[in-house]
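S.K.: Here you go, one structure.
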Amino acid sequence: MRRTVYSNTRALQAVPPAGLRTNGTVNGTTIDRWSNPVYFSSVMFVVHTGTVTDGSHAVAVQESDNGSAWSAAAAGDVQGTAPTITSANGNTAYEVGYVGSKRYTRITLTTSGATTGGFVDAVAICGIQPTR
């Protein structure tokens with residue numbers, strides 16, 4: 001079997017599409033990196049924005065051993081920079097990766113200073129550990 005992006009990755013919803021995001025925090029979907037029978041060796045979150053009229057929409061990567069007690073992922077386990085999205089960043093896609101050792105990961109989206117807000121959602125692209 002050829003090793004392709006399609007055959008070696010899985011796409012999972014990370015932050016569901018919703019109406020305009022206004023002030024508050026949205027905890028993304030828990031990504032279980034050990035989803036038997038596959039192990040996701042890395043996760044790339046693709047954060048997509050539509051129209052952003054105002055506010056600051058900060059993305060953060062979190063990790064957990066058990067899927068319930070969460071902490072910020074260590075800087076060395078995050079690839080790229082988690083974006084803070086403003087009205088200048090509408091209609092854009094961002095990538096941020098996680099390569100840490102924790103079983104569970106997710107992103108959070110914290111919005112502040114928004115009156116009408118913006119459209120922000122995300123998908124997790126999970127890399128499968130290839131077999132030889």
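The values are calculated or read from the model by the stated rules, or taken from the named source; none is laboratory data. Keep in mind that what you see is a predicted model, and the values were worked out from it rather than measured. Note: ideal-geometry Cβ built from the backbone for every residue, glycine included; neighbour counts use all protein chains shown. Side chains included, ligands, DNA and RNA excluded: accessible areas come from the protein's heavy atoms. Shrake-Rupley method; radii C 1.70, N 1.55, O 1.52, S 1.80 Å.
S.K.: What distance in nm lies between label points placed 7 Å from Cα along the C-beta direction at R3 and I128?
M.R.: 1.3 nm
S.K.: Next question. How much accessible area per residue does the chain have, in Å², with a 1.4 Å probe?
M.R.: 54 Å²
S.K.: When N is the residue count of the chain, what does its C-alpha Rg come to as a fraction of 2.2 N^0.38 Å?
M.R.: Values: Rg = 15.2 Å, N = 132, 2.2 N^0.38 = 14.1 Å.
Dividing the Cα Rg of the chain by 2.2 N^0.38 Å gives 1.08.
S.K.: What part of the accessible area of the chain, given as a whole %, is carbon or sulfur when the probe is 1.4 angstrom?
M.R.: Working: 3660 of 7110 Å².
Ligands and nucleic acids excluded, carbon and sulfur give 52 percent.
S.K.: Once every DSSP H run of n ≥ 4 in the chain is given -39500 (n - 2.57) and the sum is divided by its residues, what mean residue ellipticity at 222 nm do you get, rounded to the nearest 500 deg cm²/dmol? Don't skip to the answer; put the middle values down first.
M.R.: Working: 1 runs with 4 residues, N = 132.
Using -39500 (n - 2.57) per qualifying helix, the result is -500 deg cm²/dmol.
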